[in-house]
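In what follows, a single structure is set out as structure tokens and then discussed.
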Amino acid sequence: METRKQPQSPRTLHLHIGIPKTASTWLQSKVFPSLDHLRYLDCPRNSLFERPEDQDSDRLMASVFKRSSHIWAGFGDTIFQHLVGDRDAWLADGRSLLISEEGIGRQGSRPALIAAHIREMHNSAAAWGFDQINVVCLYRRQDYWLASHYAQMSDRNPNPGQADFERLVHDVTSPRVSRYGFGMLLDYSELHNQLVEVVGPEGLLMLPYELLQDSPDLLLHSMLETLETPAEKMRDIISGTLGTTANVRSQDGVWRLRRHRVRRLAGVPLCSWPLKPRAKTIELTPEIARQVREAYAVGNRELADSTAVDLGKYGYFDFAEPPAYGG
């Protein structure tokens, strides 16, 4: 008698596109490791690619998404084997997969390239047992993101301070400089539109970081539900992780800058201090905040309409000051 194979349960490849400064480290350390119904890969390490920039970042998905999306047709099986191991063993495992990687999110300045990668990745994923790809992404109000990003990177800036921060804001919001370059990283509406074209609205969860500060249980419930988490496990994670997200470097619109990195040669500190005292803080003034929000207000309104999320509550396009969610 012929033995028929039992059909496999549908399996999903979940991608957490970790846009920087949106609690990715907290999700990767406190939430995602608890999802034992999935196989979870936290920032898979690179040993496939050999350009100097690949070795510097040591992030596999970052290296992949920097390249042409055609890589999946020619090299997709090798990438998946590097991620999950032997194909037959992985197919027998039966679980869905979650990959979390900020390096994907940093490619948000090229949303069409992210979408092209996910489209081609889906074609390769079918041979590894995946029926669909879902995308989870948090984003953050652009003016707060820029201030937080600037503060975080200040330890490698030779001359940080208010004037330099305002120069960055000007560049990011100016169409003549970086609004359609680096500034596209903060164009969440375009990222949403591109991803919906690939995975459909049912395969995409995009939520504001501010919701984590305002209603963490609601954000966690939405995210865990998208990740197909059993109800009992959802309750355990939500009750066990609330109140553990803080990494705050700001207060009342003022961000503390990091201390300057000391360069060393053979363990000996090198003299690399600036000639004048370094600034200790920057301020996100109402004028700067308005400049940033005006640059993204139209897209933010479209995103709010598309996702039915009240972004006006968090000041994404309403210039009355909302509660501040710094960090």
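The values are calculated or read from the model by the stated rules, or taken from the named source; none is laboratory data. Since this is a predicted model, take the numbers as computed values, not measurements. Methodologically, a virtual Cβ is constructed for each residue, glycine included, from the backbone with ideal geometry; neighbour enumeration extends over all protein chains shown. When the accessible area is computed, the model is the full protein with side chains, heavy atoms only, and any ligands, DNA or RNA have been set aside. Shrake-Rupley method; radii C 1.70, N 1.55, O 1.52, S 1.80 Å.
Quick notes on this one:
- For the chain, the share of accessible area belonging to carbon and sulfur comes to 49 percent (1.4 Å probe, ligands and nucleic acids excluded).
- Spatially close Lys pairs in the chain, defined by Cα atoms under 25 Å apart and a spacing of eight or more places or different chains, total 5.
- Acute angle (nearest 10 degrees) that the helix 231-241 long axis makes with the longest principal axis of the chain, alpha-carbon atoms: 20
- Only one of [x] 68; [y] 59; [z] 49 was calculated from the structure for percent of Cα pairs over 24 Å apart, and its label is [y].
- The stretch 57-200 - Kirkwood radius from inverse mean 1/r over Cα pairs (Å): 17.1
- In the stretch 1-116, the C-alpha radius of gyration followed by the widest Cα-Cα span (Dmax) gives 15.9, 59 angstrom.
- Per residue, the stretch 1-159 exposes an accessible area of 43 Å² to a 1.4 Å probe, with every protein chain left in place.
- Taking the charge dipole of the stretch 1-149 about its Cα centre, with +1 at Lys and Arg Cβ atoms and -1 at Asp and Glu Cβ atoms, the residue from H149, L113, N46 reaching farthest to the positive side is H149.
- Principal-axis tilt of helix 71-84 within the chain, Cα atoms, nearest 10 degrees: 80
- Cβ-placed point charges (K, R +1; D, E -1), dipole of the chain about Cα centre in debye, nearest 20: 1320
- In this Cβ point-charge picture (+1 for Lys and Arg, -1 for Asp and Glu), the stretch 114-225 has a dipole of about 400 debye about its Cα centre.
- Dividing the helix sum by the residues of the chain, where each DSSP H run of 4 or more adds -39500 (n - 2.57), gives a mean residue ellipticity at 222 nm of -13000 deg cm²/dmol.
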